[in-house]
Each structure stands twice: as C-alpha cells, then as structure tokens.
1. Given a Förster distance of 35 Å, report the FRET efficiency between Lys103 and Leu45 from their Cβ-Cβ distance, rounded to the nearest 0.05.
2. Express in % the proportion of alpha carbon pairs of the chain at distances exceeding 23 Å.
3. Determine the dipole magnitude for the chain: charges of +1 sit on the beta-carbon of Lys and Arg, -1 on that of Asp and Glu, nothing else is charged, the reference point is the Cα centre, and the result goes in debye to the nearest 20.
4. Arranged by the count of other C-beta atoms within 10 angstrom, fewest first, what order do Asp53, Asp116 take?
5. So for the chain, averaging the separation of alpha carbon pairs under 8 Å that are six or more residues apart and normalising by length, what relative contact order in percent results?
6. Just want the ordering: Glu31, Glu66, Glu106, from fewest to most Cβ atoms lying within 10 Å of their own Cβ.
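Just so it is clear, none of the values below were taken in a lab; they were calculated from the coordinates. Worth saying up front: this structure is predicted, and the values here are computed from it rather than measured. A quick note on method: Cβ atoms are made from the backbone with ideal geometry, for glycine too, and the neighbour counts reach across all protein chains shown.
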Amino acid sequence: MANILIVDDSGMSRKKLKTILENGSHTVVGEAQDGLEGIEQFKTLAPDLVTLDVTMPNMDGISCLESLLAIDEDARVVMISALGKGDTMLEALNLGAANYITKPFEAEQVLNAISDALNMD
C-alpha cells in the first residue's frame with residue numbers, strides 16, 4: 001500500500017489517522033505538527049501521499065499545499081478540515097489537492113479518500 005505523511009497540529013487527530021491508515025494496510029512514514037515541519041519531512045521522506053490539516057500554527061494547510069506542489073507537482077495530498085470550511089476545501093481542490101476529508105472523520109471515509117487520491121491519473 002502507500003507510505004503516508006500525516007501533517008496535523010492535533011496529536012489526537014494524528015493518532016486516530018495513524019490507526020486508521022495502518023489498519024488499512026498503509027504505512028505512516030512520518031508525522032508533522034505544522035506546515036513548515038510537513039514540508040521538511042516531505043522533502044526527506046518522499047511519501048506517496050500526505051494528509052494535510054487546513055488550520056495549523058506557523059503555516060496553514062493551504063500554504064503548505066502550495067509549497068508541496070511547488071516541490072513536486074505530482075504530490076498526492078488529501079486535505080483535512082473541520083466542518084464549515086467549504087470555501088477553503090474548494091480552494092484546496094482548485095490548487096491541486098487530490099481529495100478532502102472533514103472532521104470528525106470515520107475510518108471508511110478516510111480510507112476511501114486515500115484510495116481515490118492514490119488511484120488518480
């Protein structure tokens with residue numbers, strides 16, 4: 001399956017995502033607490049996919065998405081946001097995010113979004 005980097009400032013969200021992804025036969029190769037750390041880990045780890053929270057300190061998810069796509073235009077990124085961020089999700093998809101998940105998320109929703117993103121051509 002896929003090597004995945006989780007970028008989210010919430011330790012609880014990272015833990016829940018990691019459990020869901022690993023139960024879905026994916027490997028979590030790294031975790032970052034904000035966009036700046038996420039970019040550094042992306043460069044080092046070269047994951048197959050990144051899950052990226054929208055609202056984070058230091059660098060938000062939209063800015064991080066733009067940076068990741070500047071590094072690798074084929075980067076697969078699944079955005080994660082709390083409900084009520086429709087405009088932000090649309091912006092992320094228009095910028096090149098592969099998919100999005102809304103919080104609170106369920107395992108099936110996460111795994112389907114990841115699968116769809118990985119199978120894009």
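1. Values: r = 24 Å, r/R0 = 0.69.
According to the calculation, E is roughly 0.90.
2. Working: 1169 of 7260 pairs.
Summing the P(r) of the chain above 23 Å gives 16 percent of all pairs.
3. Details: 8 positive and 20 negative charges, 77 e Å.
Dipole size: approximately 360 debye.
4. Working: Asp53 27, Asp116 12.
Least to most surrounded, the residues fall as Asp116, Asp53.
5. This gives 23 percent for the chain.
6. Details: Glu31 19, Glu66 15, Glu106 11.
The fewest-first ordering by Cβ neighbours comes to Glu106, Glu66, Glu31.
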